[in-house]
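Shown next, in structure tokens, is the structure this report addresses.
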Amino acid sequence: MVFLCGAAAGALLIRLVQVQAAPASVTTWNAGNREMSIEWFRKELNVSDDQAKAIETVIDDYVMYYQNLQGQMDDFRAEGHKSILKILTPEQREKFEKKRGEFSGKLR
């Protein structure tokens with residue numbers, strides 16, 4: 001139980017720091033970013049059409065994998081948060097949520 005609480009608190013803090021440190025282009029992926037990436041490979045590395053298609057597949061697979069991992073991390077953080085709240089007294093929960101909100105606000 002102690003390990004789970006420590007891991008959840010650590011994951012929460014890491015996530016909050018990552019949100020601040022990561023530029024928007026890293027945390028979001030859209031068709032425009034995808035096309036710009038493929039175009040870079042075409043122009044800078046002179047890849048063939050077959051290579052570009054293969055690279056597109058790799059990029060798409062990577063983005064899907066990353067998004068799945070991100071979802072799992074979000075679920076893990078939410079479960080850790082719930083577990084911590086179950087341990088705390090009502091007064092402690094209030095302070096915890098307040099401090100968590102202040103910390104999140106500073107990172108945005």
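Restricting attention to region 34-48, the residues that are polar (S, T, N, Q) and either surrounded by 12 or more Cβ atoms within 10 Å (Cβ to Cβ) or within 26 Å of the chain's Cα centre (by Cα) (or both) total 1. Going by the conditions given, is residue 25 of a type in the set (Ser, Thr, Tyr), in a helix (DSSP H, G or I) and modelled with pLDDT of 90 or more? Spelling it out, it is not the case that residue 25 is of a type in the set (Ser, Thr, Tyr), in a helix (DSSP H, G or I) and modelled with pLDDT of 90 or more.
For region 49-82, taking the residues that are polar (S, T, N, Q) and more than 21 Å from the chain's Cα centre (by Cα), the one that is surrounded by the most Cβ atoms within 10 Å (Cβ to Cβ) is identified as 51. Using beta carbons and a limit of 6 Å, which pairs, at least six apart or on different chains, have the first residue in region 31-44 and of a type outside the set (Val, Ile, Thr) and the second one not in a helix (DSSP H, G or I)? Qualifying pairs under 6 Å: 41/47. Please go through region 64-86 and pick out each residue that is of a type in the set (A, V, I, L, M) and either touching a Cys at 6+ places or on another chain (Cβ under 7 Å) or at positive phi (or both). Within region 64-86, just 84 meets the criteria.
The values are calculated or read from the model by the stated rules, or taken from the named source; none is laboratory data. Remember, predicted model here, so these are calculated numbers, not experimental data. Reconstructed Cβ throughout: ideal geometry from the backbone, glycine too, with neighbour counts over all protein chains shown.
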